Every structure is written in structure tokens, then in C-alpha cells.
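K.L.:
Encoded as C-alpha cells, here's the structure I'll be asking about.
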Amino acid sequence: MSQKIKDASIPTIPFKARFSRWFGRNLLRIYMIFGFTYLFIPVAYTFAFSFNDSGKSNLIWKGFTLDNWKNPCGAPEVCNALGNSIKIGLLATIFSTILGTMIAFAIGRYKFKGRSSSNLLIFLPMATPEIVLGASLLSLFLVFKINPGFWPTVIAHVVFCVSFVVVTVKARIASLDPRLEQAAMDLYANELETFRKVTLPLVAPGIAGAALLAFSLSFDDFIITNFNSGTLITFPKFVYVSAARGIPAQANVIGSAMFFLALAIVIAGQLVKRKKNR
């Protein structure tokens, strides 16, 4: 009898109040689930349709097959377009990373006349709409009687990739502790040895991240490439031209492979970082 009275004295929390409390505690998790779902639905679609037995059109699911993965170059010109994008991306990454790193060190480490203006001008290619930048570069090439093609596309990609490299590397330089370099010089290391053995290894993760960012921006660029490539077909241009009749399953294979390669690089980087922190 006393147990029944004790149980009856415990107030019952209404369902609405319990749900509100649970929703408040898990709001961030719910937002994260919806956000990642929204982001990865196109990736899941691309991966799923890379196994589609599509034939000439890849708009409707017709059956499961592994032939697309066994022969990713089965669609006409797809691997040629991929090769062009990789070549342009690698060259743009190399040039923009070298140039952007030097600019980042100059702006981040030294004081000179026009430093503030240079710092501001670096952001202009990032803020300029791609269609304006692409059309302006095309006009510039035509003024100098340079026909659109491979090298004009590389130069155009370097122009907009440099800004991203500078911003990324400069942020890494700003986070360095200057006392580490001072300690190296106190131990009789000259400026070159200090840069090679202390500064460069510390900045290397930022340079590597900037290079990966530059390559990804160059690889998937369409607007600037479309203005300056002429008859050269890159992978984004191939996908755009093929979209009307359904992107070939082989293009989905390449897109999925590039996604998993990028994911593997990110995971490997995190594992290396965790191992170093132990």
C-alpha cells in the first residue's frame, strides 16, 4: 500500500516535455545527420549509377553490372578527357603551390611597402565571379594572339589557384612559434639550415593541404576552363556535354574513384597526424 502511494506521488513528465528535452539534447546530432545526408546524396547516386548496365543512356536504372568498373575507358573520349584534367591539374598545382608559398612567406613574414595592398589583392581572384575571370583571361590571351588551348588553361588555373594557396599557407605560417627558429639559430644554424630543417617541415602540412586544394579546384573547374580551353576536352567539359543524354556510367566510375581516393588521402593524413601526436 505504501509503495503504491509512493509511486503515485512521483510526477509524470508529459510526452511533449520529454520530447522537447530529448530534441534539445540531440539537436546538433540531428542537424549533422541532415547535413551529411544532403551532401552525400549526389555521391551515393554517382556511385550507384556507376554499376548501371546503361548502354547508351544512363538516366534510368537498367540493371547491375561490374563491366563499367572493369573497363572505365569504355565510353568514347572519357579517359582522354580525364588525362587532360589530370595534366592541367598537376601543372597548375605545381606552379600555384610554388608561387603561392613564396607570396605567403613574403606577406606573412616580412614588412614592405605595399604589403597591405598585396594582402588585399590576393583575395580578388577568390572574390571575382568565375565567368568574369574566365572571360577576362580569354580577352587577354586574344589580345596577345594566344589561341585557347592547353597552356592558356594551365595559366588560367594558376591565376585563381594561387589565392587559395596563399591563404592556406599564410594561415599555417601565422601559427608558427618564432621561438623555434630562434632556438635553431642559437644552436649555430644559419638561415638556410633553419628554413630547411625547422621552418619548412613545420609549414609542410599547410603546403600539402594547399596543393590538394589547388588540384581539386583545378580538376573540377568548368567555367574558366570552358572559356580558355578551346577544343580541348577536360573531364568537367565531357560531363557537361554528356549530361543531356545521361552521363556515361564510366564517368560515374571515374568520379567515384576520385572521391574514394580523396577520402583515402584525408584518412591517411588523419592517421599520420594521430600517430605523431602520440
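The values are calculated or read from the model by the stated rules, or taken from the named source; none is laboratory data. Bear in mind the structure is a predicted one, so any value in this text is a computation, not a measurement. For neighbour counting, all protein chains shown are included, and Cβ atoms are generated from backbone atoms with ideal geometry for every residue, glycine included. Surface accessibility is based on the protein's heavy atoms, side chains included, excluding ligands, DNA and RNA. Shrake-Rupley method; radii C 1.70, N 1.55, O 1.52, S 1.80 Å.
K.L.:
Holding the Cα-Cα limit at 19 Å, pick out from Lys87/Lys273; Lys87/Lys237; Lys62/Lys237 the pairs that are longer than that. Mind showing how you got there, number by number?
P.N.:
Numbers: Lys87/Lys273 29 Å; Lys87/Lys237 15 Å; Lys62/Lys237 26 Å.
From Lys87/Lys273; Lys87/Lys237; Lys62/Lys237, over 19 Å: Lys87/Lys273; Lys62/Lys237.
K.L.:
Please state the relative contact order of the chain as a whole percent: Cα pairs under 8 Å, 6+ residues apart?
P.N.:
Working: 270 pairs, mean separation 87.3, N = 278.
The value is 31 percent.
K.L.:
In region 76-247, with Lys and Arg counted as +1 and Asp and Glu as -1 at Cβ, which of these residues, Ala106, Phe95, Ala171, has the Cα nearest the positive end of the dipole, that is, farthest along it?
P.N.:
The residue sitting farthest along the positive end of the dipole is Ala106.
K.L.:
Follow-up. Could you rank the peptides 198-210, 22-34 by their average count of other C-beta atoms within 10 Å per residue, with the highest value first? Working shown, then result.
P.N.:
Details: 198-210: 16.8, 22-34: 10.0.
In descending order of packing, they fall as 198-210, 22-34.
K.L.:
Under 1.5 on a/c is rounded, so check that first for region 76-247, then, if it is not, pick prolate when a/b is larger than b/c and oblate when it is not; a ≥ b ≥ c are the square roots of the alpha carbon gyration tensor eigenvalues.
P.N.:
Cα axes put region 76-247 in the prolate bin.
K.L.:
For the chain, what is the accessible area per residue in Å² when the probe is 1.4 Å?
P.N.:
Details: 18400 Å² over 278 residues.
I get 66 Å² per residue for the chain.
K.L.:
Where in region 62-120 are there trypsin sites (Lys or Arg not before Pro) that are in a DSSP coil and have at most 15 other Cβ atoms within 10 angstrom of their Cβ?
P.N.:
Working: sites: Lys62, Lys70, Lys87, Arg109, Lys111, Lys113, Arg115; in loops: Lys62, Lys111, Lys113.
Loop-located and lightly packed - Lys62, Lys111, Lys113.
K.L.:
Once fully extended, how much extra length lies between Ala174 and Phe36, figured as 0.36 nm per residue of separation less the alpha-carbon to alpha-carbon distance? Provide the component values of the computation, followed by the final result.
P.N.:
Values: separation 138, 0.36 × 138 = 49.68 nm, distance 3.13 nm.
46.6 nm is the gain from fully extending Ala174 to Phe36.
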